[in-house]
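Every number here is computed from the coordinates shown, using simple stated rules; none is lab data. Note that this is a predicted model, so its numbers are computed, not measured. Reconstructed Cβ throughout: ideal geometry from the backbone, glycine too, with neighbour counts over all protein chains shown.
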Amino acid sequence: MSDNAFGRSLASLDAALIVVTTVAEGERAGCVVGFHTRSSIVPQHFSLWLSKANHTYRTALRATHFAAHFLTADDLALAEAFGTRSGDDTDKFAGIDVDIDDHGLPLLRACPNRTVLERITLLDDGGDHVCLTTRVLAAQADGPFVPLRMSDALHLDPGHGSEERAIQP
Ligand SMILES: Cc1cc2nc3c(=O)[nH]c(=O)nc-3n(C[C@H](O)[C@H](O)[C@H](O)COP(=O)(O)O)c2cc1C
């Protein structure tokens with residue numbers, strides 16, 4: 001078994017991309033996430049993985065609520081806005097239309113397919129990402145759509161590489 005074979009199999013899955021937003025003590029954050037999945041049917045749970053290098057991760061440590069926005073094939077510009085810049089040095093939300101929900105969460109108006117999530121737990125298993133498990137509180141859907149996929153975004157240079165985490169193992 002080689003690392004490359006693992007990578008090739010995952011590339012064939014061609015994960016759909018989402019933008020995860022959150023807020024803690026008035027500080028907004030959000031980034032593109034390719035690591036995510038439904039993780040319980042009843043009750044409805046959703047899990048996602050955040051890189052320890054990201055501003056969104058550091059905000060998530062203090063946050064209770066999250067929004068997952070399911071990107072469509074037309075949302076490459078949003079993926080670029082949230083996946084190639086960091087909240088460490090940019091206000092990613094400047095110039096982007098958002099609605100603020102009851103939890104203070106920024107909801108991207110351009111993404112009608114989205115889900116509001118409440119944190120259950122955050123698991124650090126020693127990897128470069130942490131797993132955030134959540135329960136689905138509310139969802140909005142605009143009918144079937146063609147997702148924006150990892151293969152559509154290969155040219156994007158992430159705002160933070162996963163190796164940039166503050167504390168190395
Ligand atoms: C195609 C693609 C997939 C990504 N998947 C993830 C992911 O699953 N989890 C994550 O934390 N970051 C992921 N990133 C990286 C972040 O979106 C990126 O580093 C972002 O600029 C971090 O912003 P922040 O520092 O404001 O949180 C991905 C980026 C791209 C372009």
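Selection within the stretch 125-166: residues that are farther than 26 Å from Leu76 by Cβ and without any contact (Cβ under 8 Å) to a residue 40 or more places away in the chain. The member of this set that is nearest to the ligand (Cβ to nearest atom) is Gly127. Of all residues in the stretch 61-84, those being buried (at least 19 other Cβ atoms within 10 Å of the Cβ), closer than 23 Å to Asp124 by Cβ and more than 10 Å from the ligand (Cβ to nearest atom) number 5. Among the residues making up the stretch 21-43, those that are among the aliphatic types (A, V, I, L, M) and near the ligand (Cβ under 10 Å from one of its atoms) are Ala29, Val32, Val33. If the condition is being without any contact (Cβ under 8 Å) to a residue 12 or more places away in the chain and of a type in the set (D, E, K, R), then the stretch 100-123 contributes only Asp102.
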